[in-house]
Amino acid sequence: MSPDPLPSASKPRRPARGLAHDVVADLTQRIQTGELRPGDKLPTESEIVRERGVSRTVVREAISRLQAAGLVETRHGIGSFVLAPARAPQGTLRIDPATLHTVRDIISILELRIALETEAASLAAVRRTDAQLDEMRAALDDFQDAVGNQGNCVGADIRFHLAIAKATGNPHFSDFMKHLGEAIIPRARVNTARLAGDDFAAYLYRVNREHEDIYNAIRRQDTEAARAAMRTHLSNSRERLVRVQEEAERPPG
């Protein structure tokens, strides 16, 4: 039996975001069906590249999304491993990320994040380990690479905020961030830069500078600077969306 023909060179390439979604869907199904069990190591980055015919950037984005969803954890230098399913007790806070559709919804989540993540950054500055600091640095480096190559940096953004939550030593912070997943990044829901009339590349570089300020404060173990830098970062996103919302609600004329 002859092998399937190779795709035509003229066939449009799928966006990296769509390819990452396919990899996430495949690995999620393998986890849910028990083919990959808690504690199992995921196929290596190189193996997924060969199996799926995608780039390493696509694989890293997919793994970042699985981390954000709480399905896997990555141990640097070793690989990514399947986590046991989280079982939330009755009566715990439940926010369905799938219901966050409007600008007003996203503003509400940002206000909640400002309250939680400013303190998370402060705690991380005191409690972080060198390994956790390395995780933050790796996420920021991937973010910078994605911006420079005009790639999708949502996954790296999530990893950075999740690394800070983990560095608090309080699992409730990271559980909350994992639960929200991509919903913690406003531009994963709406094109905030376009809505606010900003240049997208300049917007991402500004976000990256804000991330660097947070990272440097945590690295120095400066609790007040870490708290202030995180508040500035999240408040900037909130204020941008508030302006968009006010403009949309302003009566014509």
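The values are calculated or read from the model by the stated rules, or taken from the named source; none is laboratory data. A quick note: this is a predicted structure, and the numbers were derived from the prediction, not measured. For neighbour counting, all protein chains shown are included, and Cβ atoms are generated from backbone atoms with ideal geometry for every residue, glycine included. Please note that ligands, DNA and RNA were not included when accessible areas were found on the heavy atoms of the full protein model with its side chains. Shrake-Rupley method; radii C 1.70, N 1.55, O 1.52, S 1.80 Å.
Of note:
- Top-ranked residue of the stretch 195-253 - restricted to ones that are among the aromatic types (Phe, Trp, Tyr) and either on the phi > 0 side of the Ramachandran plot or at pLDDT 85 or above (or both), ranked as most open to solvent (accessible area, probe 1.4 Å): Tyr205
- Here Thr44 fulfils each of the conditions (1) among the polar types (S, T, N, Q); (2) farther than 30 Å from Arg238 by Cβ; (3) modelled with pLDDT under 90 apart from (3).
- The stretch 60-77: number of residues that are farther than 16 Å from Ser174 by Cα and touching a residue at least 12 places away in the same chain (Cβ under 8 Å): 5
- Looking across the stretch 106-154, the residues that are of a type in the set (Gly, Ala, Ser) and under 20 Å from His179 (Cβ atoms) come down to Ser108, Ala115, Ala120, Ala121, Ala124, Ala139.
- Test result for Thr92, at pLDDT below 75 and among the β-branched types (Val, Ile, Thr): yes
- Flag: Arg37 does not match the condition of being under 21 Å from Phe176 (Cβ atoms) and in contact (Cβ under 8 Å) with a residue 40 or more places away in the chain.
- Scanning the stretch 135-148 for residues that are under 16 Å from His161 (Cβ atoms) and surrounded by fewer than 14 Cβ atoms within 10 Å (Cβ to Cβ) yields one hit, Asp141.
- Candidate set: the stretch 46-89, residues that are among the charged types (D, E, K, R) and in a helix (DSSP H, G or I); chosen: the one least open to solvent (accessible area, probe 1.4 Å): Glu61
- Residues of the stretch 132-157 that turn out to be at pLDDT 95 or above, of a type in the set (A, V, I, L, M) and over 14 Å from the mean Cα position of the chain (by Cα), as a count: 1
- Any hit, the stretch 164-179, residues being at pLDDT 80 or above, in a loop (DSSP other than H, G, I, E, B), among the small types (Gly, Ala, Ser) and open to solvent by 30 Å² or more (accessible area, probe 1.4 Å): yes
- Condition check for Ala20: closer than 22 Å to Ala138 by Cα and touching an Asp or Glu at 6+ places or on another chain (Cβ under 7 Å): yes
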